[in-house]
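As structure tokens, the structure follows; a few thoughts come after it.
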Amino acid sequence: MARIEDIPDNNDVEFYRSNGYWLSPKLFSDEELSEFRKHHAMVVAGEYETKRFPLSRDPEPGDTSKLVQVNNAYWTDATIARLVLSPVIGRIAAALSGVRGIRLWHDQLLYKPPQSGSSGAIGWHQDLGYWQCLDNDKALTAWVALEDVTEENGCMEVVPGSHTWGLLGEDHFYQKDIDHQKKRIEQKTGRPFTTKSCVLPAGCVSFHHCLTIHGSRPNLSNRPRISIAIHLIADGTRYRAGSVSDDHTSNTLRQPRDGDTYAGPYFPVLYREGDTLANVWMNSPL
Ligand SMILES: O=C(O)CCC(=O)C(=O)O
């Protein structure tokens, strides 16, 4: 088994660059996973350990009848913060996207209820469609499976290679009829839309490029799908004013001016080239 320091290797990086996604081996121990699941459940229930609220959430605590999304859940809970700011995830993300440092853009804790019906589906989209305020396309997402994620419980699906198709303007996170949407994108691009299911054992992480088309189907199982998406940007990424994403919630944290770098405590560093594990944490004030 590869040592964690040797992940990703050159083949993994090559795979990510050609396909726009990559699935990691298990990065977290069973003990860590059990802690993460406990704190994930607390956040879903609205029990905020730090007494701080997340940046946003939908629906409010108490309602788990549909997909629950909590943005910047790491503000609310120290254990979730340890996961979201994981230097290992930062180092892997930097290697895959070929950058020298990685900052958090925002996190998104997800709970897809059992037997979700179509309310658990996530429409096909490219993340950059929502992040057009970023001045580059080096952003990526680390999606952490806290339980085994399968086709039955509505794993994420990606369209390999679609990160090279450009920005399509077809972003419908809340679209529930994803097969209809798929046909429309096929007609628009004239390209075959083949998907790959990101089936992940608990503790594994999928990484996807911000232009990779992805979405997911309902949870057909009797257990919730438990995960967290960690959205990441290259250190040095700047705000590009005047795009349709000016109102992205991360821009409401401060009033950026065109060309401002996303930096400071709202966009903590997960990893910088040359960091040791000890000083990564020094660089990551909450
Ligand atoms: O959780 C899913 O099925 C999709 C998540 C997603 O859209 C993302 O992480 O960017």
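A few remarks follow.
- When the criteria are applied in full, Leu253 fails the requirement of being touching a helix residue (DSSP H, G or I) at 6+ places or on another chain (Cβ under 6 Å) and farther than 28 Å from Pro113 by Cβ.
- Summed over the stretch 194-213, the residues that are open to solvent by less than 10 Å² (accessible area, probe 1.4 Å) and over 21 Å from Gly90 (Cα atoms) give a count of 1.
- The numbered conditions (1) touching a residue at least 60 places away in the same chain (Cβ under 8 Å); (2) assigned to a helix (DSSP H, G or I) are all true for Gln181 except (1).
- Test for Asp177: is it in contact with a helix residue (DSSP H, G or I) (Cβ under 8 Å, 6 or more places away or on another chain) and either at pLDDT 95 or above or away from the ligand (no atom under 13 Å from the Cβ) (or both): yes
- Here the condition is being open to solvent by 20 Å² or more (accessible area, probe 1.4 Å) and free of Cβ contacts under 8 Å to residues at least 12 places away in the same chain; of Glu60, Glu31, Glu35, it holds for Glu31 alone.
- Test: residue in the stretch 222-244 that is of a type in the set (Gly, Ala, Ser), near the ligand (Cβ under 10 Å from one of its atoms), closer than 27 Å to Gly98 by Cα and part of a strand (DSSP E or B): yes
- Condition check for Val149: more than 20 Å from Ala73 (Cβ to Cβ), within 16 Å of the ligand (Cβ to nearest atom) and more than 13 Å from the chain's Cα centre (by Cα): no
The values are calculated or read from the model by the stated rules, or taken from the named source; none is laboratory data. Predicted model only: the values in this text are computed from it and were never measured. All Cβ positions, glycine included, derive from the backbone under ideal geometry; neighbour counts span all protein chains shown. All accessible areas refer to the heavy atoms of the entire protein, side chains included, with ligands and DNA or RNA removed. Shrake-Rupley method; radii C 1.70, N 1.55, O 1.52, S 1.80 Å.
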